[in-house]
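Remarks on the structure that follows.
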Amino acid sequence: MTIQTPLGRVRGLGSAKSGVEHFWHQRLTAAALVPLTLWFVWIVARYAGAPHVDVVAALGHPINAALMLLFVVAGLYHMALGLRVVVEDYITAKGSKLALLFFVNFAAFAIAMVCVVAVLRIAIRF
Amino acid sequence: MPESRAKRPTSPHLQIYKWPVTMGTSILHRITGVGLGVGTLVLAWWLVAASMGPDAYAVFETTAFHWFGRIVLFGFTLALVYHALNGVRHLAWDFGYGFKVATANMTGLLTYGATVIVTLVIWIAAYASMGAF
């Protein structure tokens with residue numbers, strides 16, 4: 001028996017111990033990725049098969065480098081959030097679920113970090 | 001078992017079950033999402049190879065432009081375009097639009113069609129930028 005009002009319980013985030021962060025961040029990154037994907041598709045189509053000098057000159061431009069960093073970070077965060085749901089939906093065994101969630105998040109951070117370092121290296125070197 | 005019952009199909013019976021449009025779009029959204037997760041490895045390879053110099057980039061290009069590499073990249077383009085377009089559909093739903101069955105079916109089919117067209121346009125543009133035409 002609790003003397004808390006329903007509103008009070010909601011404010012305390014209830015029994016789930018978390019609120020709408022996952023849902024909200026998934027949508028925030030999705031909205032950000034719509035224009036970023038348009039830009040990404042354009043740059044890939046434009047520079048597919050271009051000589052290395054042209055590719056790094058384009059990616060090294062401060063605006064393009066910034067957009068690529070945003071695309072990579074928003075994209076991989078969006079991936080981590082999405083794959084979390086996939087794992088939670090299909091894997092019921094506690095140990096496997098935990099292991100896969102570790103893997104998903106480690107992989108997302110590792111790939112994001114590699115991409116960020118590569119983009120910064122291009123921006124500085126070329 | 002009475003005759004009428006024996007011949008009645010159980011549902012969902014895969015041979016006669018008619019998939020709702022929205023079921024297909026939903027499942028594809030998830031499959032393409034997971035696929036794009038794998039695709040981030042190719043993106044990382046592209047960026048790392050470019051950052052390392054012309055030699056490393058040449059290795060990436062040889063692999064990516066191999067006929068098998070092109071098929072994989074075409075698949076990733078399809079997945080990216082579909083996931084992006086269907087994602088916009090999801091965002092519209094989040095705002096409460098397009099929930100009527102007829103509307104959801106129509107936007108689903110439109111998404112399928114647009115995915116094919118946009119993907120082809122991207123590849124034609126990419127080949128054009130390579131001076132293929």
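The values are calculated or read from the model by the stated rules, or taken from the named source; none is laboratory data. Here the structure is a predicted model, which means the values were calculated and not measured. Cβ placement follows ideal geometry from the backbone for every residue including glycine, while neighbour counts extend to all protein chains displayed.
Remarks
- Within this structure, residue B:53 fails the test of being facing another protein chain (nearest Cβ under 9 Å) and within 22 Å of residue A:29 (Cα to Cα).
- For region B:25-48, taking the residues that are surrounded by fewer than 19 Cβ atoms within 10 Å (Cβ to Cβ) and small (Gly, Ala, Ser), the one that is farthest from residue A:89 (Cα to Cα) is identified as B:35.
- Residue satisfying all of: in region A:56-77; within 10 Å of chain B (Cβ to nearest Cβ) and β-branched (Val, Ile, Thr); nearest to residue A:32 (Cα to Cα) among these: A:72
- All positions within region A:26-38 that are touching a residue at least 24 places away in the same chain (Cβ under 8 Å) and more than 8 Å from chain B (Cβ to nearest Cβ): A:26, A:29, A:32, A:36
- For region B:93-106, filtered to residues that are free of Cβ contacts under 8 Å to residues at least 60 places away in the same chain and among the small types (Gly, Ala, Ser), the residue that is surrounded by the most Cβ atoms within 10 Å (Cβ to Cβ) is B:98.
- Of the helices (runs of 4 or more DSSP H) lying entirely inside region B:1-67, those containing at least 1 residues that are closer than 30 Å to residue A:50 by Cβ and at pLDDT below 95 are B:54-65.
- Any chance residue B:90 is surrounded by 14 or more Cβ atoms within 10 Å (Cβ to Cβ), in a helix (DSSP H, G or I) and facing chain A (nearest Cβ under 8 Å): yes
- Members of region A:82-99 that are facing chain B (nearest Cβ under 10 Å) and under 25 Å from residue B:43 (Cβ atoms): A:82, A:83, A:85, A:86
- Per-region count, region A:50-91, residues touching a residue at least 60 places away in the same chain (Cβ under 8 Å), among the aliphatic types (A, V, I, L, M) and touching a Lys or Arg at 6+ places or on another chain (Cβ under 8 Å): 1
- Lone qualifier among A:53, A:41 - being within 12 Å of chain B (Cβ to nearest Cβ), of a type in the set (A, V, I, L, M) and either crowded, with 17+ Cβ neighbours inside 10 Å or touching a Cys at 6+ places or on another chain (Cβ under 9 Å) (or both): A:41
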